[in-house]
Amino acid sequence: KETADLSRGGKESMAGRLKGIVSAVVILGGLYLGLGICADLAVDLVPPRTEAQWFSWAEELVEPTLPVPDDLQVIFNQLVRDSELDDFPYRLVFIASEDINAFAMPGGLIAVTQGLYENVRTPQGRAMVMGHEIGHVQHRHGLQRIGRSILLAGALSLCGGDVTSVLKRSQFLADLQFSRSQETDSDDYGLRLVHRVFGTTDGSLEFFEKLESLNLEGSETIQGQLGTFLRTHPQTSDRLRDLRELSKELEGA
């Protein structure tokens with residue numbers, strides 16, 4: 001009777017409409033989770049060197065660049081020589097930007113901005129930021145997100161969806177962002193890496209401590225420079241709390 005009434009132009013009840021919305025959300029949520037699991041499993045089968053070959057062109061997206069400062073390159077080389085790292089051909093690029101940021105791309109490309117280099121002074125502080133980005137590569141976070149986008153696009157194409165719009169919205173590599181859990185995992189990895197390489201975590205939280213102490217509302221310049229970082233990372237106070245606890249554990253306190 002309900003379908004007959006609707007076919008004659010009758011109005012759908014609120015309960016019926018709500019049921020339809022809930023069903024659609026559940027189905028799409030299950031599809032996304034299922035595709036995510038498949039993507040993560042597939043990523044584990046890709047050798048690091050193969051991933052690096054697939055994204056060898058990623059450096060072309062990073063412009064403009066400057067020569068990497070010698071002291072920054074020395075710290076980076078120390079980090080990537082760690083024996084526990086997977087076999088990625090890590091490389092460092094230095095971006096001519098006042099933005100205070102750093103990021104990683106699939107395959108082992110790590111980028112640090114001039115703004116971050118000038119605002120984080122200690123070797124351990126700089127090492128922690130780069131170690132965090134190395135953590136993203138080690139955990140294959142970038143490849144996982146891209147894999148999910150591709151699988152979702154394929155599933156939607158089978159259903160008649162617009163694949164192009166999905167890939168555009170994901171921004172592929174140009175606007176790669178990570179979830180809170182992925183950021184937390186990379187924080188943990190970065191601090192452990194710094195401790196293995198330097199034998200201490202002293203000074204490693206410099207960037208996060210400076211970030212927490214800044215009065216962003218009273219400094220439009222700093223807020224603008226941190227814009228991208230603040231939009232894509234978890235609450236600084238939460239990160240510092242977790243990192244300080246881990247630091248005590250690593251130092252045996």
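Assorted remarks:
- E84 versus D188: modelled label distance in nm, points set 7 Å from Cα along the beta carbon direction: 1.2 nm
- Calculated FRET value between L41 and S179, using beta carbons and R₀ = 30 Å, to 0.05: 0.95
- Our Cα-only numbers for the range 74-117 put the radius of gyration and Dmax at 11.3, 33 Å.
- Taking each residue as 0.36 nm, the span from E245 to Q73 lengthens on full extension beyond its C-alpha to C-alpha distance by 59.0 nm.
- The stretch between T122 and L61 holds 19.1 nm of extra length on full extension. This uses 0.36 nm per residue minus the Cα-Cα distance.
- Computed accessible area, D202, all protein chains, 1.4 angstrom probe, square angstrom: 110 Å²
- Which of R241, R81, R180 is most accessible, then next, and so on - probe 1.4 Å: R81, R180, R241
- Largest to smallest accessible area among E209, E183 [probe 1.4 Å]: E209, E183
- When all protein chains stay in place and ligands, DNA and RNA are ignored, the 1.4 Å accessible-area order of D82, D238, D70, largest first, is D70, D238, D82.
- A simple charge model with +1 on the Cβ of Lys and Arg, -1 on the Cβ of Asp and Glu and nothing else charged puts the dipole of the range 24-131 at about 100 debye relative to its Cα centre.
- The range 38-99 - convex hull of the alpha-carbon atoms, volume per residue in Å³: 125 Å³
- Rolling a 1.4 Å probe over the protein chains gives K210 an accessible area of about 90 Å².
The values are calculated or read from the model by the stated rules, or taken from the named source; none is laboratory data. Quantities reported herein were computed from a predicted structural model and do not represent experimental measurements. Neighbour counts are summed over all protein chains in view; Cβ atoms, including those assigned to glycine, are modelled from backbone coordinates with ideal geometry. Calculation scope for accessible area: heavy atoms of the full protein, side chains included, ligands and nucleic acids excluded. Shrake-Rupley method; radii C 1.70, N 1.55, O 1.52, S 1.80 Å.
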